[in-house]
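A short write-up of the structure that comes next.
The values are calculated or read from the model by the stated rules, or taken from the named source; none is laboratory data. The structure displayed is predicted, hence computed values, not measured ones. Note that we place each Cβ from the backbone using ideal geometry, even for glycine, and neighbour counts take in every protein chain shown. SASA here: full protein model, heavy atoms, side chains in, ligands and nucleic acids out. Shrake-Rupley method; radii C 1.70, N 1.55, O 1.52, S 1.80 Å.
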Amino acid sequence: MFDLLLNSDFWLILGLVLCIAELTNGTLIFFLPTGLSAMTLSGILKLQDNLVIPSLLTDWYYIVIIWVIFSLAFTAVLRKYFKREGNEEDINKY
């Protein structure tokens, strides 16, 4: 079970599924940042597998922690740069 979390292809597929799920939601809060972080993590794991970078992420819990940190970072960046303007008139305002 936990060996699946060490596989870079799993993270790539998870990232693609989450980014596609963002197309149905469109809020840029949950699906897109977690999908982008999963794809970034997939790239890091693929570089580790090809011995381009040293093997730092060897346990599944390190990988999950890095995934959460990347998700929070992507959420902060997306909220900063793609903030919606709140200048719309409320139709219920009398």
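Quick notes
- The chain: angle of helix 31-49 to the longest principal axis, Cα-based, in degrees nearest 10: 20
- Within the chain, longest stretch free of exposed trypsin sites (Lys or Arg not before Pro) [DSSP loop, at most 14 other beta carbons within 10 Å]: 1-82
- When the chain is treated as a Gaussian network with alpha carbon springs shorter than 10 Å, the biggest mean-square fluctuation among 72, 47, 28 belongs to 47.
- Mean Cα-pair separation over length for the chain, i.e. relative contact order, pairs under 8 Å, 6 or more apart, %: 32
- Here the chain has 67 percent of its accessible surface on carbon and sulfur atoms, given a 1.4 Å probe and all protein chains in place.
- Relative contact order (%) - criterion: Cα under 8 Å, at least six apart; region: region 9-58: 38
- For the chain, the per residue solvent-accessible surface stands at 75 Å², with DNA, RNA and ligands left out and a 1.4 Å probe.
- Angle in degrees between helix 8-25 and the longest Cα principal axis of the chain, rounded to the nearest 10: 10
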